[in-house]
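S.K.: Here it is, the structure, as structure tokens.
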Amino acid sequence: GVTRLLLTRIPFFKEIIVSSFACDSCSWSNTEIQSAGRIQEQGVRYALAVTSRQDMNREVVKTDCATARIPELDFEIPAFTQKGVLTTVEGIIDRAVAGLEQDQPIRRATDKEVANKIDEFIGKLKQLKEVHSSFTFIIDDPSGNSFVENPRAPQKDDALVVTRYRRTPQQAAMLGLELDEKPADSAEDLRNEVLQFNTNCPECNAPANTNMKLVQIPHFKEVIIMATNCDSCGHRTNEVKSGGAIEPQGTRITLRITDPSDMTRDILKSETCSVEIPELEFELGMGALGGKFTTLEGLLKDIRDLVERNPFTLGDSSIPSKTEKLQEFIRKLHEIIEGKTKAHFIMDDPAGNSYLQNVYAPEEDPELKVERYERTFEQNEDLGLNDMKTEGYESEGASGR
């Protein structure tokens, strides 16, 4: 047979490798997917409330280390029991049905009672495809490389809840990640030094160097800027990490864009920060675009590129109605970047580690509003704070032993 490989990009997600095998002799065919990127810094959990037949057609990327669950049926596809696949919600159910039906003839001959119970369960799975009643479809991937489509993108989908979390040591071991337990140098030693370490280019995988530097942002705090340059393909990328602890309160920053000069304001968007532009009905969830230290114009252009450079949204395979909506969104965003349209730019960071420049500092900025708020239980859970204990754990450990 013949195996074909295709490097493609999922809209509002990332690049993947699709492999397709077909046999001319017996007509058997199979498709698998592999992530074209690295393991993400956080795991991801998608919870989709399936309420209509349209939801069954949502695109799904399920890696081999992801777990798929339907709580209403107490049904679960464990990690590493299936190859990675690019399919739909209905396709996931069809693969599960096919796997259960595979050994049914043998079960009917050896254990008829078990076979009847599996037949009954298969019937329940097939009924899910008709969506007579709503159910929840959950993908939990410690590697962070699975995906469930949002057909309303770039707007928020109320039926889809995306949660990012920190991996447990057991999940890190399952993914084959080695934890570096060597003590790091103090911040004082690193403050005036640019560190360099070897890595691979995320585009062409050629050996490259990453530079890392501690930088003090005026009227804010220290951050770590990491920049990678590839001499082979010319790819350049930068990423920002917070150099301090999680703040006691979350931060919500609202800027009223009234002048083209607002585009030159420095901006620090951490990985835990979400971005909202109410006039465009646009919301960018936490984790998207990663951490960035740039200008307001630079961040808005990154958002524009996120939409423009997806072949499925504006290419030959795109849906005309969706294409018109996205082109209208890009046009309005371009007007904001050029200063022709006034708008509100909102940054919401539960960790309190994001920043938008106050050009009047240390005086107050009339167009900039910074609010501090108490985090909810769910936000603390996403940041891993509910289970974190920094005082009194020594005595508890001693009593436990």
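S.K.: Sort by residue number and name the cysteines in the chain that have no neighbouring cysteine Cβ under 4.7 Å.
M.R.: CYS23, CYS26, CYS65, CYS273
S.K.: Here's another thing I want to ask about it. Tell me, what is the FRET efficiency for CYS204 and GLU279 to the nearest 0.05, using R0 = 35 angstrom and their Cβ-Cβ distance as r?
M.R.: That pair, CYS204 with GLU279, gives E of 0.35.
S.K.: Can you grab the distance from the C-alpha centre of the stretch 220-284 to the C-alpha centre of the stretch 115-173, Å, no decimals?
M.R.: If we compute the Cα centre of each part, the gap is 30 Å.
S.K.: Related question: Which angle from 0 to 90°, rounded to the nearest 10, does the C-alpha axis of helix 296-308 make with the longest principal axis of the chain?
M.R.: 20 degrees
S.K.: Assuming a viscosity of 0.692 mPa s and a temperature of 37 °C, what translational diffusion coefficient in µm² per second does Stokes-Einstein assign to the stretch 114-154, Rh being the Kirkwood radius over Cα pairs?
M.R.: 247 µm²/s
S.K.: Relative to the present Cα-Cα distance, how much length would full extension add between ARG309 and HIS235 at 0.36 nm per residue of separation?
M.R.: 25.0 nm
S.K.: From the residues ALA98, GLN249, SER270, which one has its Cα farthest along the dipole of the chain in the positive direction, the dipole being from +1 and -1 charges on Cβ of Lys/Arg and Asp/Glu about the Cα centre?
M.R.: It is ALA98.
S.K.: Here is a further query. Using R₀ = 60 Å, calculate the FRET efficiency as 1/(1 + (r/R₀)^6) where r is the Cβ-Cβ separation of LYS389 and CYS23; round to 0.05.
M.R.: Working from the Cβ atoms, E equals 0.60.
S.K.: Same structure, new question: Hey, any idea what Rg/Rh is for the stretch 39-131, computing Rh the Kirkwood way over Cα pairs?
M.R.: 1.00
S.K.: What are the ³J(HN,Hα) values, in whole Hz, obtained from phi via the Karplus relation 6.51 cos²θ - 1.76 cosθ + 1.60 with θ = phi - 60°, for each residue of the stretch 245-254 in sequence order, with x given for Gly and Pro?
M.R.: 7, 5, 5, x, 10, x, 10, 10, 10, 10
S.K.: At a 1.4 Å probe radius, carbon and sulfur cover how many percent of the accessible area of the chain?
M.R.: Ligands and nucleic acids excluded, carbon and sulfur give 48 percent.
S.K.: Further question: Mind checking the per residue accessible area of the chain for me, 1.4 Å probe, whole number of Å²?
M.R.: That works out to 57 Å² per residue.
S.K.: Moving on to the next point. Just to confirm the number: angle between the C-alpha axis of helix 320-337 and the first principal axis of the chain, 0 to 90 degrees, nearest 10?
M.R.: Orientation of helix 320-337: about 10 degrees from the principal axis.
S.K.: Counting only helical runs of four or more DSSP H residues, what would the 222 nm mean residue ellipticity of the chain come to if each run contributes -39,500 (n - 2.57) and the total is spread over all its residues?
M.R.: When only DSSP H runs of four or more count, the value is -7000 deg cm²/dmol.
S.K.: Take each of the peptides 139-150, 114-125, average the number of other beta-carbon atoms within 10 Å over its residues, and list them starting from the highest.
M.R.: 139-150, 114-125
S.K.: Hey, another quick one. Using 0.36 nm per residue, how much length does the chain from ALA109 to LEU125 gain when fully extended, once their Cα-Cα distance is taken away?
M.R.: 3.4 nm
S.K.: Here's a follow-up. Where does helix 112-128 land angle-wise versus the long Cα axis of the chain, in degrees 0 to 90, nearest 10?
M.R.: 50 degrees
S.K.: Classify the stretch 31-79 as rounded, prolate or oblate from the Cα gyration tensor: take a ≥ b ≥ c as the square roots of its eigenvalues, call it rounded if a/c is under 1.5, otherwise prolate when a/b beats b/c and oblate if not.
M.R.: Here the stretch 31-79 falls in the prolate category.
S.K.: Please identify every one of the GluC sites (Glu not before Pro) in the stretch 291-389 that sits in a loop by DSSP and has no more than 14 other beta carbons within 10 Å of its own beta carbon.
M.R.: Taking the stretch 291-389 and a limit of 14 other Cβ atoms within 10 Å, the loop GluC sites (Glu not before Pro) found are GLU338, GLU363, GLU364, GLU374.
S.K.: Here's something else I'd like to know. Please say if the stretch 250-383 is rounded, prolate or oblate, where rounded means a/c under 1.5 for a ≥ b ≥ c the square roots of the C-alpha gyration tensor eigenvalues, and otherwise the choice is prolate for a/b larger than b/c and oblate otherwise?
M.R.: Note, shape of the stretch 250-383 comes out oblate.
S.K.: Give me the Debye-computed log₁₀ of I(q)/I(0) at q = 0.11, 0.14 Å⁻¹ for the chain, equal point scatterers on Cα only, no solvent, two decimals.
M.R.: Once normalised to I(0) and log-transformed, intensities are -0.99, -1.48.
The values are calculated or read from the model by the stated rules, or taken from the named source; none is laboratory data. Since we're looking at a predicted model, the values are computed, not measured. Neighbour counts are summed over all protein chains in view; Cβ atoms, including those assigned to glycine, are modelled from backbone coordinates with ideal geometry. Areas reflect the complete protein model, heavy atoms only, side chains present, ligands, DNA and RNA absent. Shrake-Rupley method; radii C 1.70, N 1.55, O 1.52, S 1.80 Å.
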